[in-house]
Amino acid sequence: MIHASEFFDVGLKFHGHKCPAMPLGLRAGAAAMNALGVERSQDKELVLLAETGNDHAAGCFVDGLMTITGCTYGKSNIKKTYYGKMAFTLIDTKRNKAVRVQLKPEFFGKMLSSPFVQQRKQGVPPQEVPAEITDPLVEGVMARAEAEFLDIGPVIDYPFTRGKGVFDTDLCEGCGERVFANKLEKVNGKRLCVPCRESLSV
Ligand SMILES: [Zn+2]
Ligand SMILES: [Zn+2]
């Protein structure tokens, strides 16, 4: 059993500012992990498909998810689908099971009319929103019962085939930089990296 509260401090440090969306990611990530009965991902035991997009409110959600699940961009076991939804699927690649969790639509709708979001809409950066607005909201997220704000789907079968890690590198014959071999392609007899190929086509 994993508890979101144990990851609050590291999440805050990693994320950079105090806001309600990062803690929502901690809570939702913990709910998914507990539904699957899994531990935090040391390597790529877990894979997370986040349905958020870019440049919308509450994108900070994903930093909470990364913190608690151990699905990170460095390990490449998190992907964004850019659907613009406050939802994600967590996959247990060892047992081929998965669960989808979303913020309840009515809850998230209310959250978007919170005084915190009002300030953000007016262009106030998250770290400059007064603590008397942010703190109760964040405490509320950390204390709220899961059933009040999360839709936790059933645990489903999710056959998962893992890609092989690439260890081979070579030098690009254009720029001379070292490149992972799966990203080099032969053009006019030369093995070139992506930017060198792109500069040929302009
Ligand atoms: Zn944030
Ligand atoms: Zn190159």
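The values are calculated or read from the model by the stated rules, or taken from the named source; none is laboratory data. In this text, all values refer to a predicted model and were calculated from it rather than measured experimentally. Please note: Cβ atoms are built from the backbone with ideal geometry, for glycine as well, and neighbour counts cover all protein chains shown. With ligands, DNA and RNA removed, areas are computed over all heavy atoms of the protein, side chains included. Shrake-Rupley method; radii C 1.70, N 1.55, O 1.52, S 1.80 Å.
Quick look at the numbers
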item: Pair list, Cβ under 8 Å, 6 or more apart: segment 1-20 residue over 15 Å from Phe116 (Cβ atoms) and touching a residue at least 12 places away in the same chain (Cβ under 8 Å), other residue assigned to a loop (DSSP other than H, G, I, E, B) and open to solvent by 90 Å² or more (accessible area, probe 1.4 Å); result: Ile2/Glu39; Ile2/Arg40
item: Segment 158-183: number of residues that are within 24 Å of Asn77 (Cα to Cα), of a type outside the set (S, T, N, Q) and not in a loop (DSSP other than H, G, I, E, B); result: 5
item: Segment 146-156 - residue that is part of a loop (DSSP other than H, G, I, E, B) and surrounded by 10 or more Cβ atoms within 10 Å (Cβ to Cβ) and, of those, farthest from ligand 1 (Cβ to nearest atom); result: Val155
item: Residue satisfying all of: in segment 184-201; under 30 Å from Lys44 (Cα atoms) and part of a loop (DSSP other than H, G, I, E, B); farthest from ligand 1 (Cβ to nearest atom) among these; result: Leu184
item: Answer residue from segment 157-167, given it is closer than 23 Å to Ala98 by Cα and open to solvent by less than 80 Å² (accessible area, probe 1.4 Å) and is modelled with the highest pLDDT among those; result: Tyr158
item: Among the residues listed as Phe88, Phe116, the single one being hydrophobic (A, V, I, L, M, F, W, C), in contact (Cβ under 8 Å) with a residue 12 or more places away in the chain, in contact with a Lys or Arg (Cβ under 9 Å, 6 or more places away or on another chain) and under 20 Å from Ala57 (Cα atoms); result: Phe88
item: Only listed residue being more than 16 Å from ligand 2 (Cβ to nearest atom), in contact with a helix residue (DSSP H, G or I) (Cβ under 9 Å, 6 or more places away or on another chain) and within 28 Å of Asp157 (Cα to Cα), chosen from Ala30, Ala21, Ala58; result: Ala30
item: Single residue of Leu192, Leu184, Leu171 found to be free of Cβ contacts under 8 Å to residues at least 24 places away in the same chain, within 13 Å of ligand 2 (Cβ to nearest atom), over 21 Å from the mean Cα position of the chain (by Cα) and open to solvent by 50 Å² or more (accessible area, probe 1.4 Å); result: Leu171
item: Yes/no for Gly64 being within 12 Å of ligand 1 (Cβ to nearest atom), touching a helix residue (DSSP H, G or I) at 6+ places or on another chain (Cβ under 6 Å) and assigned to a helix (DSSP H, G or I); result: yes
item: Matching residues in segment 33-55 - criterion: being in contact with a helix residue (DSSP H, G or I) (Cβ under 9 Å, 6 or more places away or on another chain) and either modelled with pLDDT under 95 or not in a helix (DSSP H, G or I) (or both); result: Val38, Glu39, Arg40, Ser41, Leu46, Leu48, Ala50, Thr52
